[in-house]
Amino acid sequence: MITYVCLGILILFVAVKSAVYMKHRKHTPSSDELDLKLLSLINQKSDRHD
Amino acid sequence: MTKKRAVTFKPYIKTRYAYEKLRVCRHCQQFTVLWEAECSQCGKSTLVPIRERVTAKVKRTMLNERLIALFIGLVAIYFGQTFLQMILSAAAAILLIALLWFVQRRMLPFEVPSEMETLFEQEQPRIIEDIKRNRKLAVAALKDDELLTYEMLREISTFVQNDKIRLQQVVLLQSFVLRKDMDLRVEPLLIDSFDTDLAAYIGEVAKVQRELIKNSSIRYILAYEAHILEMENGVEILSSVAGAAIRLKKYVEAYPEFIRRYARNIPKDRFLRLYRMIQQHPESYWGNLAEEVAVIRRERYEWDSDF
């Protein structure tokens with residue numbers, strides 16, 4: 001019984017993790033977007049504190 | 001006037017993306033945009049590029065997930081009531097863990113950028129604070145080593161993009177003798193308002209590396225032409241920029257009146273280039289420039305065989 005429960009949990013675990021990875025894949029930022037993000041984060045705040 | 005120094009710049013490594021220059025210490029998590037070999041906070045040689053750090057973190061997380069799956073699989077096998085059950089549990093666990101591993105491998109290139117984005121958002125205050133620390137280091141070096149300060153500010157300006165840091169670089173550049181073989185920049189240093197040091201710098205660059213004078217720098221000079229004319233060597237600055245603009249036909253076509261105003265002050269080789277350009281393209285619109293060039297040629301170069 002415990003065996004089947006554990007196997008069920010394992011299947012759920014792998015399924016959920018795979019679903020999360022697939023979801024992340026759809027919203028992955030490109031290198032250009034990452035660069036713009038970093039520069040906008042640095043410059044929006046640093047201008048105020050400069 | 002302060003005497004200018006002859007210097008050699010440390011090569012500026014241009015990366016495709018600014019974040020490629022951001023490094024983090026694996027030990028104390030301090031960020032840096034400078035090139036130091038050791039972390040300025042903890043003194044250890046544990047600085048790594050941000051992507052490498054994030055990739056390691058993502059791989060560690062994925063390994064933990066596989067270990068959790070392995071643990072659940074082992075529990076399932078341990079509690080098997082028959083040998084057949086244990087074998088089937090082992091086979092199922094191996095298959096599921098292999099599937100998880102396969103999915104993780106395929107998703108790693110997508111997880112790393114996502115994680116980087118999260119890190120930038122979460123660590124924004126820290127990144128800004130550490131860049132400010134880099135900047136303080138640069139300013140502290142000013143008294144003893146202006147060249148080092150300029151090189152540090154040049155790196156920092158990849159990330160911090162405001163007029164203050166641009167002007168700091170321009171002021172430092174004005175204390176160096178500019179040469180043709182130097183790695184100079186103009187466009188990244190342009191600011192929104194007029195500055196005499198910047199105008200003088202552009203005038204000097206126009207003499208030694210005219211290929212750096214492009215549309216935005218010509219427009220800057222044009223926008224503040226009246227202010228530049230009030231400077232001691234204002235006409236010289238404007239003439240050298242006009243001479244540099246003759247490098248490309250598109251600039252002559254775009255700014256014929258500007259070039260016309262200073263055509264009398266440009267060196268012979270630049271005037272010759274302008275003259276030939278107009279001769280070879282009579283169909284282009286030159287405004288009053290063509291007439292002015294003809295007048296100057298008659299006055300100065302009528303008997304010159306080059307014309």
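Let's see how each residue does on (1) closer than 21 Å to residue B:166 by Cβ; (2) part of a loop (DSSP other than H, G, I, E, B); (3) in contact (Cβ under 8 Å) with a residue 40 or more places away in the chain:
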site	(1), (2), (3)
B:178	yes, yes, no
B:184	yes, yes, no
B:193	yes, yes, no
B:197	yes, no, no
B:200	yes, no, no
B:204	yes, no, no
B:216	yes, no, no
B:222	yes, no, no
B:236	no, no, no
Exercise. Determine whether the stretch B:15-25 contains at least one residue that is more than 14 Å from chain A (Cβ to nearest Cβ) and either over 30 Å from residue A:26 (Cα atoms) or in contact with a strand residue (DSSP E or B) (Cβ under 8 Å, 6 or more places away or on another chain) (or both).
Key: yes
Quiz item: Out of all the residues in the stretch B:16-23, is one or more open to solvent by 70 Å² or more (accessible area, probe 1.4 Å), assigned by TED's automatic domain parsing to the domain that holds residue B:160 and without any contact (Cβ under 8 Å) to a residue 12 or more places away in the chain?
Solution: yes
Practice problem: Looking at (1) within 30 Å of residue A:21 (Cα to Cα); (2) more than 22 Å from the chain's Cα centre (by Cα), find the lone condition where residue B:144 falls short. | Solution: (1)
Self-check item: Condition check for residue B:77: in the same structural domain as residue B:155 (by TED's automatic domain parsing), of a type outside the set (S, T, N, Q), surrounded by 15 or more Cβ atoms within 10 Å (Cβ to Cβ) and modelled with pLDDT of 90 or more
Solution: no
Quiz item: assigned to a helix (DSSP H, G or I) and open to solvent by 20 Å² or more (accessible area, probe 1.4 Å): does that describe residue B:269?
Solution: yes
Quiz item: Which residue pairs have Cβ atoms closer than 9 Å, lie 6 or more positions apart in sequence or on different chains, and pair a first residue in the stretch A:1-27 that is farther than 13 Å from residue B:62 by Cβ and in contact (Cβ under 8 Å) with a residue 24 or more places away in the chain with a second residue that is surrounded by 12 or more Cβ atoms within 10 Å (Cβ to Cβ) and among the polar types (S, T, N, Q)?
Solution: none
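Each row is one residue, and each column tells you yes or no for (1) farther than 16 Å from residue A:8 by Cβ; (2) surrounded by 14 or more Cβ atoms within 10 Å (Cβ to Cβ); (3) assigned by TED's automatic domain parsing to the domain that holds residue B:123.
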{"residue": "B:47", "(1), (2), (3)": "yes, yes, yes"}
{"residue": "B:50", "(1), (2), (3)": "yes, yes, yes"}
{"residue": "B:54", "(1), (2), (3)": "yes, yes, yes"}
{"residue": "B:57", "(1), (2), (3)": "yes, yes, yes"}
{"residue": "B:63", "(1), (2), (3)": "yes, no, yes"}
{"residue": "B:83", "(1), (2), (3)": "yes, no, no"}
{"residue": "B:88", "(1), (2), (3)": "no, yes, no"}
{"residue": "B:92", "(1), (2), (3)": "no, yes, no"}
Exercise. Find all pairs meeting these conditions: Cβ atoms under 6 angstrom apart; at least six residues apart or on different chains; first residue within the stretch B:279-299 and at pLDDT below 90 and open to solvent by 100 Å² or more (accessible area, probe 1.4 Å); second residue outside any helix (DSSP H, G or I) and basic (Lys, Arg).
Key: none
Exercise. Hey, can you tell me all the residues within the stretch B:67-76 that are within 47 Å of the chain's Cα centre (by Cα) and either free of Cβ contacts under 8 Å to residues at least 12 places away in the same chain or more than 10 Å from chain A (Cβ to nearest Cβ) (or both)?
Key: B:67, B:68
Quiz item: Residue check: is residue B:302 open to solvent by 40 Å² or more (accessible area, probe 1.4 Å) and free of Cβ contacts under 8 Å to residues at least 60 places away in the same chain?
Solution: yes
Practice problem: Consider residue B:226 carefully, then state whether it is within 28 Å of residue B:178 (Cα to Cα), among the hydrophobic types (A, V, I, L, M, F, W, C) and outside any loop (DSSP other than H, G, I, E, B). | Solution: yes
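The values are calculated or read from the model by the stated rules, or taken from the named source; none is laboratory data. This structure is a prediction, so every number in the text was calculated from the model and none was measured. Cβ atoms come from the backbone with ideal geometry, glycine included; neighbour counts cover every protein chain shown. Surface areas here come from the heavy atoms of the whole protein model, side chains and all, with no ligands, DNA or RNA. Shrake-Rupley method; radii C 1.70, N 1.55, O 1.52, S 1.80 Å.
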